[in-house]
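Right, one structure below, let's go through it.
The values are calculated or read from the model by the stated rules, or taken from the named source; none is laboratory data. From a predicted model like this one, the values you see are computed outputs, not experimental measurements. Here Cβ is always computed from backbone atoms with ideal geometry, including for glycine, and neighbour counts include all displayed protein chains. Areas reflect the complete protein model, heavy atoms only, side chains present, ligands, DNA and RNA absent. Shrake-Rupley method; radii C 1.70, N 1.55, O 1.52, S 1.80 Å.
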Amino acid sequence: MSVLLVDRDGFNGVVIHLANHDVTLAAVSRAPLAKLRGYKQRMGWTFPWASSLDTDFNFDFNVSFTEEQQREGRIDYNYQRGGHAMDMTPVPEPVAQLAAMSGTDAATYGRDRPGLSAFALEDGIVYHTYSTYVRGVDGLWGMYQWLDRAPIGAQ
């Protein structure tokens, strides 16, 4: 799974239930491992969280992109090229606001996006079995279920 630093509070409670069904949940982010560990400790999280910094992992599963891909309009995300709010020019105000809240500019913010991938290990071979992006990931974030029912929604 490759995710941005969003609501992972919902992960911690489900890990034991998944383990009882022979399923391991692990989060992967491109931040340095020391930064992830510090954040994880501060939040009191216990689920496995790995760093994919300096690897192709996020790029292989189309959730991270290079400046060149972005500049040339070659971003394939959610099984389509372009068309996502983060690919628009000018950038929509909500994207600019999210980028600013994250301490970066909209272009940099748009090069990493949410996604989930599932894998199976059989006889020492890892198989990629499933991927989803954008709203397909929302079911994992407990807060979105509440926000979708709020008067003005998740926006």
All helices (runs of 4 or more DSSP H) inside the stretch 37-123 with 3 or more residues being of a type outside the set (A, V, I, L, M, F, W, C): 67-71, 93-101
Any residue in the stretch 19-44 that is closer than 21 Å to D60 by Cα sitting within a Cβ distance under 8 Å of a residue that is open to solvent by 80 Å² or more (accessible area, probe 1.4 Å)? List the pairs, counting only those 6 or more apart or interchain. S29/L5; A31/L5
Provide a single number: the residues in the stretch 33-47 that are open to solvent by 20 Å² or more (accessible area, probe 1.4 Å), touching a strand residue (DSSP E or B) at 6+ places or on another chain (Cβ under 7 Å) and at pLDDT below 95. 1
Would you say V63 is under 18 Å from F11 (Cα atoms), open to solvent by less than 70 Å² (accessible area, probe 1.4 Å) and β-branched (V, I, T)? no
Among (1) hydrophobic (A, V, I, L, M, F, W, C); (2) modelled with pLDDT under 90; (3) in a loop (DSSP other than H, G, I, E, B); (4) surrounded by fewer than 15 Cβ atoms within 10 Å (Cβ to Cβ), the one test that V23 misses: (2)
So S102, is it in contact with a helix residue (DSSP H, G or I) (Cβ under 7 Å, 6 or more places away or on another chain), open to solvent by 30 Å² or more (accessible area, probe 1.4 Å) and of a type outside the set (K, R): yes
